[in-house]
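K.L.:
Quick one: the structure is below, and I'll ask about it shortly.
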Amino acid sequence: MEIVYDQPAVAMGWRPPVLVVWWKQAPTLPAAIQVNERGSKIMQAHPGGSIFIVLTSADHGAPERAAANALGQATRALEKHILAHAFVIEGQGLKAGAIRATVKTLQSLTRVIFPWTIASTTEEGILWVARKAKFLSEEEAQVVLADVKAMKAAAKG
């Protein structure tokens, strides 16, 4: 996976057709703008469509309102370029479950045209793309999963 953007708050990796956005901290508006610009260029340059995987943690708390709005608008604007979307909100317990349930409800109301899931682990989200959405083979999903684990391990130093 090519790391196409890496900052203290967020990292992006690209292994065609998969774009991974890993929020290391709660999204801020400046970081959201950078992610939107870079992600848009990558997705629009890939004519076959992209699989969009977002990783975050329930421990980060809610993003800034402006950042959340910017990210939502960009996703809607790129809708025709997204084959499938896995939103991974890592965390255990009641708080994490409540956050996932809330995001799932909000996502249901947006009526996007691509298949999507809200997952609790990176493995669950990426394997969903292969097993349920069927946009990756199981082997390709395992490679992407290994890439994401390596990306996270490199950030921890």
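K.L.:
Whole-Hz Karplus ³J(HN,Hα) for the range 20-34, in order, using 6.51 cos²θ - 1.76 cosθ + 1.60 and θ = phi - 60°, x for Gly and Pro?
P.N.:
Result, rounded to whole Hz: 10, 10, 10, 7, 7, 9, 4, x, 10, 4, x, 5, 4, 4, 4.
K.L.:
Additional query: Residue by residue through the range 143-154, what is 3J(HN,Hα) from phi via Karplus (6.51 cos²θ - 1.76 cosθ + 1.60, θ = phi - 60°)? Round to whole Hz and write x for glycine and proline.
P.N.:
Per residue, the Karplus-derived 3J(HN,Hα) values read 5, 4, 4, 5, 4, 5, 4, 5, 4, 5, 5, 5 Hz.
K.L.:
A further question on this structure: Can you give me the accessible area per residue for the chain, using a 1.4 Å probe, in Å²?
P.N.:
Working: 8180 Å² over 157 residues.
Per residue, the chain has an accessible area of 52 Å².
K.L.:
Here's a follow-up. Net charge around Thr110, counting only other residues with Cβ within less than 14 Å of its Cβ (Lys, Arg = +1; Asp, Glu = -1)? Mind dumping the intermediate values first?
P.N.:
Details: positive: Arg76, Lys104, Arg111; negative: Glu79.
For residues surrounding Thr110, the net value is +2.
K.L.:
Treating cross-link reach as a plain straight distance, find the aspartates and glutamates whose alpha-carbon is under 17 Å from the alpha-carbon of Lys95, omitting any fewer than eight places away in the same chain.
P.N.:
The reachable aspartates and glutamates, counting only those whose Cα sits under 17 Å from Lys95, are Asp59.
K.L.:
Can you tell me, using C-alpha contacts under 8 Å and at least 6 residues apart, the relative contact order of the chain as a whole percent? Let's see the in-between values first.
P.N.:
Numbers: 262 pairs, mean separation 29.9, N = 157.
Across the chain, relative contact order equals 19 percent.
K.L.:
Please list the non-local residues whose amide H lies under 5 Å from the amide H of Glu90, H modeled 1.01 Å from N, same-chain partners needing a gap of 5 or more.
P.N.:
Here the answer is Thr56, Ser57, Ala58, since their amide H atoms fall under 5 Å of that of Glu90.
K.L.:
Here is a follow-up. For the range 104-157, with only Lys/Arg (+1) and Asp/Glu (-1) charged at the beta-carbon, what is the dipole magnitude about the Cα centre, in debye rounded to 20?
P.N.:
Details: 8 positive and 6 negative charges, 56 e Å.
Its charge dipole is roughly 260 debye.
K.L.:
Based on DSSP, what percent of beta bridges with both residues in the range 1-155 are antiparallel, to the nearest 5? Could the numbers behind the result be given before it?
P.N.:
Details: 10 of 27 bridges.
Restricted to the range 1-155, the bridges split so that about 35 percent are antiparallel.
K.L.:
While we're here: Take the alpha carbon atoms of the range 1-32, find their center, do the same for the range 45-108, and report the distance between the two centers in whole angstrom.
P.N.:
Cα centroid to Cα centroid, the span is 13 Å.
K.L.:
Another one. Hey, can you grab everything whose amide H is under 5 Å from the amide H of Leu136? Only 5+ residues off in sequence or another chain; H modelled, so Pro and N-termini drop out.
P.N.:
Long-range HN contacts for Leu136: Ala130.
K.L.:
Looking only at the range 1-90, where both bridge partners belong to it, what percent of the DSSP beta bridges are antiparallel (to the nearest 5)?
P.N.:
On the way: 10 of 23 bridges.
In the range 1-90, DSSP labels about 45 percent of beta bridges as antiparallel.
K.L.:
Which is farthest toward the positive dipole end of the chain among Val18, Ile33, Ala130, measuring Cα position about the Cα centre, with Cβ charges +1 (Lys, Arg) and -1 (Asp, Glu)?
P.N.:
Working it through, the farthest residue towards the positive pole turns out to be Ile33.
K.L.:
If you don't mind, another one. In deg cm²/dmol, rounded to 500, what helix-only [θ] at 222 nm does the chain give when every DSSP H run of at least 4 residues adds -39500 (n - 2.57) and the total is split over its residues?
P.N.:
On the way: 5 runs with 77 residues, N = 157.
Value at 222 nm, helices only: -16000 deg cm²/dmol.
K.L.:
Assign unit charges at the C-beta atoms only (+1 for Lys and Arg, -1 for Asp and Glu), then state the dipole size of the range 1-79 relative to its Cα centre in Debye, rounded to the nearest 20.
P.N.:
Numbers: 6 positive and 6 negative charges, 20 e Å.
Rounded to the nearest 20 debye, it is 100 debye.
K.L.:
Give, in nm to one decimal, the length gained when the segment between Val112 and Leu94 is fully stretched (0.36 nm per residue of separation minus the Cα-Cα distance).
P.N.:
Details: separation 18, 0.36 × 18 = 6.48 nm, distance 2.73 nm.
My answer for the length gained is 3.8 nm.
K.L.:
Charges only on Cβ, +1 for Lys and Arg, -1 for Asp and Glu: so what's the dipole of the chain about the Cα centre, in debye to the nearest 20? Could you put the intermediate results ahead of the total?
P.N.:
Details: 17 positive and 13 negative charges, 77 e Å.
For the chain, the charge dipole is close to 360 debye.
The values are calculated or read from the model by the stated rules, or taken from the named source; none is laboratory data. Every value quoted in this text rests on a predicted model; they were computed, and no experiment measured them. When we count neighbours, we look across all protein chains shown, and the Cβ atoms used for this are built from the backbone with ideal geometry, even at glycine. In case anyone asks, the SASA skips ligands and DNA or RNA and just uses the protein heavy atoms, side chains included. Shrake-Rupley method; radii C 1.70, N 1.55, O 1.52, S 1.80 Å.
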